[in-house]
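Peer 1: Below: one structure in C-alpha cells.
The values are calculated or read from the model by the stated rules, or taken from the named source; none is laboratory data. Everything quoted here is computed from the prediction, not taken from an experiment. For neighbour counting, all protein chains shown are included, and Cβ atoms are generated from backbone atoms with ideal geometry for every residue, glycine included.
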Amino acid sequence: MGEPALQLSPAEEEAADQAAKTLRLIQGGGEAAASGEEAVVAAEAAEAGWAAEVVEAAAIVAAPLAFLAVLLWPSSVARDEDYLKKPISASNDPNTKAVPQPSSPAQPCPDAAAKEKEKDEEPCPVCIRGLNPVPGYRPPYLYAVPPRCPKDYETIPPLNLYKRTNKIVHGARVYEAPNGNFYHVDTFHKGSASEVEEYDRRGRHLGAICPNCGTPIPGSQVPGRRLPD
Ligand SMILES: [Zn+2]
C-alpha cells in the first residue's frame with residue numbers, strides 16, 4: 001500500500017496550510033510580545049525559516065489527518081489490486097479441512113424421529129401389554145392411596161357412556177355397549193391390576209380387559225361364568 005500521509009485531498013491540504021499559518025502567527029506574536037528587539041529578531045528568523053517551518057507544521061497536522069482519512073475511508077484501502085485478488089477466506093474452500101464440511105444433505109435428526117415414534121407407541125401404564133391410547137396420560141386409580149379400582153368414568157372408553165343396566169356385580173354397575181356386549185369394573189382388582197369384565201350379548205363371560213387400553217388379559221376367561229340375570 002502507498003504512503004497514506006501523502007494522499008491528501010485538496011481540502012485537507014488547504015486545512016493543513018491554514019493550520020500551519022495560524023501556528024506560525026501564534027508563535028511569532030508570542031515572541032513579539034516578549035520584547036520589541038527580540039520580536040524583530042524573531043520576525044527575521046521566522047522570515048528566514050519560513051519554508052522549513054511551514055513544511056514542519058504541515059507534517060505535524062497532516063499526519064493525524066491522513067490517519068483519520070484512512071480510518072474513515074476504507075474504500076481507499078480496497079483499491080489495492082492485490083487485496084482485491086485475494087480469496088475472501090481460505091476457510092470457504094471445500095478442499096480446506098480447517099472447517100468441517102457436511103458429508104450429506106441436511107436430514108431430520110434421527111433421535112427426534114425416534115422420540116416422536118416412541119411417544120406415539122407409549123406402553124399402557126396399567127397393563128404394560130398394549131399401547132397407551134392417550135400418550136402421556138396416567139389414570140388416577142394407578143396412584144390412589146389406598147389402592148382402588150377405576151370409577152366407571154375413568155376407563156377408556158368411559159363405561160358410563162354405554163347403556164346403563166340395572167345389574168350390579170360385586171358393587172359395580174353393568175353397562176351395555178353398542179355392540180351388545182356387557183361390561184363392568186372388577187371390584188376385586190385395584191391399581192395397576194385393575195380389570196374390566198367383558199360378557200357377550202348373551203351374558204357369557206369373555207374374560208377381563210385392561211380398563212385403560214382394552215387389551216385382553218390372558219387366562220382371565222372363566223368357562224361357564226355368566227352375567228347374573
Ligand atoms: Zn392396558
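Peer 1: Given the options Arg148, Arg129, name the one that is away from the ligand (no atom under 16 Å from the Cβ) and either surrounded by fewer than 14 Cβ atoms within 10 Å (Cβ to Cβ) or not small (Gly, Ala, Ser) (or both). Before the answer, list the steps.
Peer 2: Details: Arg129 fails: away from the ligand (no atom under 16 Å from the Cβ).
Only one candidate qualifies: Arg148.
Peer 1: Collect the residues in the range 167-216 that are among the aliphatic types (A, V, I, L, M), within 16 Å of the ligand (Cβ to nearest atom) and surrounded by 16 or more Cβ atoms within 10 Å (Cβ to Cβ), keeping them in residue-number order.
Peer 2: Step one: list which residues in the range 167-216 are among the aliphatic types (A, V, I, L, M), which gives 168-169, 172, 174, 177, 185, 193, 196, 206, 208-209.
Those still in the list that are within 16 Å of the ligand (Cβ to nearest atom) too: 185, 193, 196, 208-209.
Across the range 167-216, the qualifying residues are Val185, Val196, Ala208, Ile209.
Peer 1: Hey, among the residues in the range 170-194 that are in contact (Cβ under 8 Å) with a residue 40 or more places away in the chain and assigned to a loop (DSSP other than H, G, I, E, B), which one's nearest to Thr155 (Cα to Cα)?
Peer 2: Restricting attention to the range 170-194, the residues satisfying the condition of being in contact (Cβ under 8 Å) with a residue 40 or more places away in the chain are 174, 182, 189-192, 194.
This time we only want the ones that are assigned to a loop (DSSP other than H, G, I, E, B), so: 189-190, 194.
Numbers: His189: 14, Lys190: 13, Ser194: 10 Å.
For the range 170-194, the residue satisfying everything is Ser194.
Peer 1: Kindly provide the set of residues from the range 197-229 that are hydrophobic (A, V, I, L, M, F, W, C), within 46 Å of the chain's Cα centre (by Cα) and not in a loop (DSSP other than H, G, I, E, B), ordered by number. Walk me through how you get there before you give the answer.
Peer 2: Filtering the range 197-229 down to residues hydrophobic (A, V, I, L, M, F, W, C) leaves 206, 208-210, 213, 217, 222, 227.
Those still in the list that are within 46 Å of the chain's Cα centre (by Cα) too: 209-210, 213, 217.
Passing the criteria: only Ile209.
Peer 1: I'd like the full set of residues that are part of a helix (DSSP H, G or I) and either farther than 25 Å from Glu176 by Cβ or free of Cβ contacts under 8 Å to residues at least 12 places away in the same chain (or both), limited to the range 136-160.
Peer 2: So in the range 136-160, the residues part of a helix (DSSP H, G or I) come out as 140-142, 152-154, 159-160.
Pro140, Leu142, Tyr153, listed by residue number.
Peer 1: Then there's this: Name the residue that is farthest from Val169 (Cα to Cα), counting only residues in the range 217-229 that are surrounded by 12 or more Cβ atoms within 10 Å (Cβ to Cβ) and within 16 Å of the ligand (Cβ to nearest atom).
Peer 2: Ile217
Peer 1: Looking at Pro135, Pro94 in this structure, which one is assigned by TED's automatic domain parsing to the domain that holds Pro211 and modelled with pLDDT under 95?
Peer 2: Details: Pro94 fails: assigned by TED's automatic domain parsing to the domain that holds Pro211.
When all the criteria are applied, what remains is Pro135.
Peer 1: Now for a different question. Taking the range 143-153 on its own, how many of its residues are under 20 Å from Glu122 (Cα atoms) and in contact with a helix residue (DSSP H, G or I) (Cβ under 6 Å, 6 or more places away or on another chain)?
Peer 2: Initial filter on the range 143-153 (under 20 Å from Glu122 (Cα atoms)): 143.
The next check asks that each one be in contact with a helix residue (DSSP H, G or I) (Cβ under 6 Å, 6 or more places away or on another chain); those that pass are none.
Summing the residues that are under 20 Å from Glu122 (Cα atoms) and in contact with a helix residue (DSSP H, G or I) (Cβ under 6 Å, 6 or more places away or on another chain) in the range 143-153 gives 0.
Peer 1: What about Pro133, is it touching a Phe, Trp or Tyr at 6+ places or on another chain (Cβ under 6 Å) and not polar (S, T, N, Q)? Can you show your working first?
Peer 2: On the way: touching a Phe, Trp or Tyr at 6+ places or on another chain (Cβ under 6 Å): no; not polar (S, T, N, Q): yes.
In short, no.
Peer 1: Only one of these conditions is not met by Pro133: (1) in contact (Cβ under 8 Å) with a residue 24 or more places away in the chain; (2) outside any loop (DSSP other than H, G, I, E, B). Which number is it?
Peer 2: Among (1) in contact (Cβ under 8 Å) with a residue 24 or more places away in the chain; (2) outside any loop (DSSP other than H, G, I, E, B), Pro133 violates only (2).
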